[in-house]
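See structure below.
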Amino acid sequence: MSNQRRKILGVFIAFLVLAVTFNPQARSFLSLPKQQRVSVGDHVSLNLRFPEQMLRQLTVHVPPGSKKVLCLNGSDLSGKIYHLFEGNPMASSPGKATIQLRLFGILPVKNVEVEVLPQTRLVPGGQSVGVLLHSEGVMVVGQSVVQDQEGHKYNPAGEAGVKKGDIILKINGQPVKNDEQVARLVDQTGKEGKTLKFLIKRKNHTFNTLVKPILCRETGRYRVGLYIRDSAAGVGTLSFYDPRTGKYGALGHIITDSDTNQPIDVSDGRIVKAVIQGIQAGRRGQPGEKIGMFINDQSFSGSIEKNTKFGIYGSLNRELKNPLYDEPIPIALADQVKIGPAEMLTVLDGEKMEKFRVEIKRILPQTAPDSKGLIIEVTDPRLLKRTGGIIQGMSGSPLIQGGKLIGAVTHVFINDPTRGYGCLIEWMLMESGGQLNRKIGIRETNGLPDLTINPKPVRQFIITLISFLSGFVFKKLQFWAGILALM
């Protein structure tokens, strides 16, 4: 008989799991986040898709100690209890609070930690910018052989351990800044019959190596067999401007060297105005691009102080205005971004900024900050006809949803130019030195019980939930649950 009971129990549990998995009401409960981050003035929404009878069985308890962090209908919720059908609480001041769902006012079934941040308003970007970036030292982008006077071939730098992607910081103790300086030092040292001492940076460590220059038969100059680069240039899009600090963010992704695919360590650089003169449409397997011209205009320029995986950051020389928005707009934190329609701001002709329709197709779960937090799809017919979707030069184009800045375009899908990735504005602000500073996985719980330590209340809650989810199947499940309880 015990084997039969186990079989019945196994079938019941499997059926219960399937029922809960495919039921939208149950999924709305199981998908409740453990943490929510909102700004002052935003509402905290639990989005439970329960029938009214079920909602009336749930109460929300806000423990004391979070005075004036959350309020409902103008009343402070610290130490209070309210019902879900009364509405969603509003974040009234910065701080942290816990809201606890209780079944029948007694059994705790879910804790949600709420962190309220000061409201941040930014001027959305959308302007095309020319990016002029100078690296720290010079980057090795290739190697070549050097033929001496007798016709023998060598690669002095390669034989000394120098590799493609390395950064040459110093030669003979002298910091190097450009390729002309390196060529001059190599030739001068070779004429003196001496050996070059290179200080090399490879990823996160540095080392010294000795390189013997060779008199090149073809050029008549001493060489070491390296191709190097000291700068990068391209067209991108400004993402945002912070009027409080004068700081900006652009591109949404790190700038890498085109030959080595290595991130460029910034020595100095600047952004300037760019005018778009043409569009090369993208297609499957071949991304398109904006064709732009740099304009040295004092009305718009700025420094480049950081090159990070969330874009480039620096300061603008003058206050920035957006022709499509009279005032700065609020940002949406990661928890507030929704799947659905949004807008992208970018330039296709000259300096004219325009809005285009896109769709947020997916919000990628992130346990650590990353530049690929959103999957977006271009849905605007006019943009699709003109560009084929997302093209090079759109990187950094701001994304706006519900009147809030949610992030920026970062990458295109090579095999589907209508789709691409976006970076959340929350991560971009963290890099710009703003007020946001997310600590992943470190949250206070105020000592309240949660699902993981209350299996019995959760089981009772699920059984009660099923009883309220109308239908013949769920009534039968409740019956079998009662039978199992008597075993």
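Every read-out reported here was derived from the displayed coordinates using simple, explicitly stated rules and does not represent laboratory data. All values reported here derive from a predicted model rather than from experimental measurement. Please note: Cβ atoms are built from the backbone with ideal geometry, for glycine as well, and neighbour counts cover all protein chains shown.
Label-to-label distance for Arg284 and Lys355 is 3.3 nm, based on points extended 7 Å past Cα in the beta-carbon direction. For the range 189-200, putting each phi into the Karplus relation 6.51 cos²θ - 1.76 cosθ + 1.60 with θ = phi - 60° gives couplings of 5, x, 4, 7, x, 10, 9, 7, 10, 9, 9, 10 Hz, in residue order, rounded to whole numbers and with x for Gly and Pro.
Charge tally around Ala342: other residues with Cβ under 15 Å, Lys/Arg +1 each, Asp/Glu -1 each, net +2. The phi torsions of the range 91-105, fed into the Karplus equation with coefficients 6.51, -1.76 and 1.60 and a -60° offset, translate into couplings of 6, 9, 7, x, x, 10, 8, 10, 10, 10, 7, 10, 8, 6, x Hz, rounded to whole numbers, with Gly and Pro shown as x.
Stretching the chain fully between Phe104 and Ile414 yields a gain of 106.3 nm (0.36 nm per residue, less the alpha carbon separation). Sorting His83, His253, His205 by the number of Cβ atoms found within 10 Å of their own Cβ, with the fewest placed first, yields His205, His83, His253.
What the Cβ-Cβ distance of Ser258 and Arg121 gives, at R0 = 45 Å and to the nearest 0.05, is a FRET efficiency of 0.80. Backbone amide hydrogens, once placed in the peptide plane, bring Ala250 within less than 5 Å of Ser239, Ile312, excluding anything fewer than 5 places away on its chain. Given their separation in residues at 0.36 nm each and the Cα-Cα distance between them, Lys197 and His152 gain 13.9 nm when the chain is fully extended.
Distant-in-sequence amide contacts of Leu46, defined by a placed amide H-H separation under 5 Å and a gap of 5 or more residues or a different chain, comprise nothing.
At a Förster radius of 51 Å, what calculated FRET efficiency corresponds to the Cβ-Cβ distance of Lys96 and Gln298, to the nearest 0.05?
0.65
Rounded, prolate or oblate for the range 140-239? Axes are the square roots of the Cα gyration tensor eigenvalues, ordered a ≥ b ≥ c, and the cut-off for rounded is a/c under 1.5. Prolate, since a/c reaches 1.5 and a/b exceeds b/c. Is the range 273-323 rounded, prolate or oblate when judged by the Cα gyration tensor, a ≥ b ≥ c being the square roots of its eigenvalues, rounded requiring a/c under 1.5 and prolate requiring a/b larger than b/c? Oblate is the answer for the range 273-323, as a/c is 1.5 or above yet b/c matches or exceeds a/b. Subtracting the Cα-Cα distance of Arg318 and Asp268 from their residue separation scaled by 0.36 nm leaves 16.1 nm. Projecting label points 7 angstrom from Cα along Cα→Cβ for Thr209 and Lys163 puts them 0.9 nm apart. Of all aspartates and glutamates in the structure, the ones whose alpha carbon falls short of 12 Å from that of Lys170, not counting any fewer than 8 places away in one chain, are Glu136.
Among Met428, Met344, Met90, what is the fewest-to-most ranking by other Cβ atoms within 10 Å?
The most exposed by this proxy come first: Met90, Met344, Met428.
Amide hydrogen proximity for Arg362: with H placed 1.01 Å from N in the peptide plane, the residues at 5 or more positions away or on another chain lying under 5 Å are Ile375. In order along the range 149-155, the Karplus-derived 3J(HN,Hα) couplings, from 6.51 cos²θ - 1.76 cosθ + 1.60 at θ = phi - 60°, round to 5, 8, x, 6, 10, 9, 10 Hz, and Gly and Pro are given as x.
With contacts taken as Cα pairs under 8 Å at a separation of at least 6 residues, the range 145-224 carries a relative contact order of 36 percent.
As a rough footprinting exposure proxy, the listed residues Phe104, Phe198, Phe310 were ranked by other beta carbons within 10 Å of their own, and the order from fewest upward is Phe104, Phe198, Phe310.
At an R0 of 41 angstrom, the distance between the Cβ atoms of His43 and Arg386 translates into a FRET efficiency of 0.60.
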